[in-house]
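Here is the structure we will look at.
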Amino acid sequence: MKNILSILIIILALQSSFAQKLIKDIDFDGKKDSVYMDDKESRIVCRLSTQNFKKIKSQPIEILNEMSGIIDAKNGFVFFNDWMRAGYKNHFRYNKKTKKIQLIGMSRYEFGNAVNDGSGESSVNLLTSDYIGNWNYFDDLANNEEGELVKLPTIKTKMKFQEINLEDFSEDTYFGFSERCSKLYYQQKEKIQKMKLKQ
């Protein structure tokens, strides 16, 4: 019973730490800025010293989970949103030229279904358009038709996005990434399955 209580206290502490503001110098002027989730508006809010701490807000993010929030990252911050079997990370950094908070990278993971079909992870660097995907599929016919999880060859390609700043960012941004990623997964899966049939 004590162990369960201890685990619950740790989980609550972690959740509250995610909900707190991230205080750091985001715009590289030597002064502390802040970024946090506005629970009432369901938006990411950033206040920069170089912009007199006025609120810079994302678009509303309708589907926020208990395991979502803001964490520190090198030269910026990450907004994450995790579900039971899938999740996303979105990396933001201050752009000195445009003086805006820019989305520079996205990543996602999935555990797939009960046999881990469709499990894996991927990421895209929005500055270079480099996409990397490492995915698995469950082959029902493998292993004397008992089935087995098959790792697809790593997908490396270019995936271009228009410049996305914090004011433009919404859940549609990473759901759109997910859809494009899914198309690449099914193309790769179909290609491998056709090659196996020829063998």
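Among the conditions (1) open to solvent by 50 Å² or more (accessible area, probe 1.4 Å); (2) modelled with pLDDT under 95, the only one that ARG93 does not satisfy is (2).
For the range 89-119, the set of residues classified as in contact (Cβ under 8 Å) with a residue 40 or more places away in the chain and over 12 Å from ASN165 (Cα atoms) consists of LYS96, MET106, ARG108, GLY118, listed by residue number. A count restricted to the range 156-182 and to residues that are closer than 23 Å to ASP82 by Cβ and not in a loop (DSSP other than H, G, I, E, B) stands at 14. If you go through the range 106-127 and keep only what is open to solvent by 20 Å² or more (accessible area, probe 1.4 Å), among the polar types (S, T, N, Q) and assigned to a loop (DSSP other than H, G, I, E, B), you end up with ASN113, ASN116. LEU14 falls short of the stated requirement of being in contact with a Ser or Thr (Cβ under 9 Å, 6 or more places away or on another chain) and either open to solvent by 50 Å² or more (accessible area, probe 1.4 Å) or at pLDDT 90 or above (or both). Would you confirm whether or not the range 135-142 contains a residue that is open to solvent by 70 Å² or more (accessible area, probe 1.4 Å), in contact with a Lys or Arg (Cβ under 6 Å, 6 or more places away or on another chain), more than 30 Å from LEU48 (Cα to Cα) and not in a strand (DSSP E or B)? No, there is no match, as no residue in the range 135-142 is open to solvent by 70 Å² or more (accessible area, probe 1.4 Å), in contact with a Lys or Arg (Cβ under 6 Å, 6 or more places away or on another chain), more than 30 Å from LEU48 (Cα to Cα) and not in a strand (DSSP E or B). Against the definition (closer than 30 Å to SER34 by Cβ, in contact (Cβ under 8 Å) with a residue 40 or more places away in the chain and surrounded by 14 or more Cβ atoms within 10 Å (Cβ to Cβ)), how does VAL150 come out, yes or no? No.
The values are calculated or read from the model by the stated rules, or taken from the named source; none is laboratory data. Since the structure is predicted, the reported quantities are computational estimates derived from the model, not experimental observations. Cβ coordinates were reconstructed from backbone atoms using ideal geometry, including for glycine residues, and neighbour counts include every protein chain displayed. Note: accessible area is taken over every heavy atom of the protein model, side chains too, but ligands, DNA and RNA are not part of it. Shrake-Rupley method; radii C 1.70, N 1.55, O 1.52, S 1.80 Å.
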